[in-house]
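The values are calculated or read from the model by the stated rules, or taken from the named source; none is laboratory data. Note that the structure is predicted; figures quoted are calculated from it, not measured. Note that each Cβ is placed from the backbone with ideal geometry, even for glycine, and that neighbours are counted across all protein chains shown. Remember, those area values only see protein heavy atoms, side chains included, never the ligands or the DNA or RNA. Shrake-Rupley method; radii C 1.70, N 1.55, O 1.52, S 1.80 Å.
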Amino acid sequence: MDIMTGAGLLAGIIVISVMMFMGGDLHMFISEHAMIIIFGGSIAATMIRFPLGVMLHGLPLGAKFAFTMSRLSARDLVDELARIAEIARKQGPVGLEKVETDEPFLAKGIRYVADGYDLEFIRDNMERDRDNFLMHLDEGSKIYRAIGDCAPAFGMIGTLIGMVQMFANMTDPSKLGPFMATALLATLYGALVANLFCLPIADKLHGKLLDEETNRTLIIDGILMIRDSKSPALVREMLLAYLPEKHRHEEGEPVPA
């Protein structure tokens, strides 16, 4: 579970809610008309930008990965692959059949080696799997960013509609307040949807995409070296190149100057 995503959203909701309660009744900040223009308009514009299949796949995938963390960090993957290489050296590919891991992509690679698939098949299949996954994750990021881009614009559209209605009813003072409230709430909703939810999630997904690209490429290289019967020490040293310098050494081990 990615605690920071949930904590950030919760903190933002609390801050906005406290400010609303300090200024009066919460019901004054509820407007069905503003919700319709913001959510309906943003979704409609996003549907024009993306095919239906991309939206149906990208929205839930993006929401899932915004709130979850990778089971293993890059450093953990290096240690795990070195351990697997040690098992393969001692017991051969057959020994990998009993190896268990929490990372599904790594488990797939281990199964390929245990089943004796050739090097090119493993490379092509795993790289295709990685690229497809990253493409779908990138689509999710783009969809949330598109909604975040649309929401403030439709907030302004809602404000303009509310002002037109207000000026068209200047002779009836009782209608001025509700129309002005609708106009302002449309801008408020658009800003909240974009800046508290959609754009932060889009940025979080972009960061997750970069992490997943590194981790999955690391796994592919590690699996290929294990299939090629490289020594555990060589596997570890080669994969450590994926990590930042400060993360390449065990805790307590001095980092070279």
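Cβ-Cβ distances below 7 Å connect the following pairs, each with a first residue in the range 135-156 that is open to solvent by less than 50 Å² (accessible area, probe 1.4 Å), a second residue that is among the acidic types (Asp, Glu) and part of a helix (DSSP H, G or I), and a separation of six or more residues or different chains: Leu137/Glu212. Close Cβ contacts (under 7 Å, 6 or more residues apart or on different chains) running from residues in the range 100-124 that are touching a residue at least 24 places away in the same chain (Cβ under 8 Å) to residues that are open to solvent by 50 Å² or more (accessible area, probe 1.4 Å) and not in a helix (DSSP H, G or I) comprise Asp102/Arg71; Glu103/Arg71; Leu119/Asp228. Reported count of residues in the range 18-66, each being outside any helix (DSSP H, G or I) and buried (at least 16 other Cβ atoms within 10 Å of the Cβ), is 2. Report whether or not Ala63 is small (Gly, Ala, Ser) and touching a residue at least 40 places away in the same chain (Cβ under 8 Å). In short, yes. Of the residues making up the range 213-235, those that are within 16 Å of the chain's Cα centre (by Cα) and either surrounded by fewer than 18 Cβ atoms within 10 Å (Cβ to Cβ) or more than 23 Å from Ile3 (Cβ to Cβ) (or both) number 3.
Check whether at least one residue in the range 134-150 is over 23 Å from Val193 (Cα atoms) and under 29 Å from the mean Cα position of the chain (by Cα), and report yes or no. First the steps, then the outcome.
If we filter the range 134-150 for residues that are over 23 Å from Val193 (Cα atoms), which is where we start, we get 134-135.
Add one more test, that the residue is under 29 Å from the mean Cα position of the chain (by Cα), and what stays is 134-135.
Within the range 134-150, one or more residues are over 23 Å from Val193 (Cα atoms) and under 29 Å from the mean Cα position of the chain (by Cα).
Would you mind stating whether Met170 is of a type outside the set (Ser, Thr, Tyr), open to solvent by 20 Å² or more (accessible area, probe 1.4 Å) and part of a loop (DSSP other than H, G, I, E, B)?
Numbers: of a type outside the set (Ser, Thr, Tyr): yes; open to solvent by 20 Å² or more (accessible area, probe 1.4 Å): yes; part of a loop (DSSP other than H, G, I, E, B): yes.
Here the answer is yes, as Met170 does meet what is asked.
Given the conditions (1) of a type outside the set (Gly, Ala, Ser); (2) at pLDDT below 90; (3) closer than 30 Å to Asn195 by Cα, report the number of the one that Met170 does not fulfil. Of (1) of a type outside the set (Gly, Ala, Ser); (2) at pLDDT below 90; (3) closer than 30 Å to Asn195 by Cα, only one is false for Met170: (3). Annotation note: of Leu119, Leu205, Leu185, Leu210, the sole residue that is surrounded by 21 or more Cβ atoms within 10 Å (Cβ to Cβ), modelled with pLDDT under 95 and under 28 Å from Gly109 (Cβ atoms) is Leu205.
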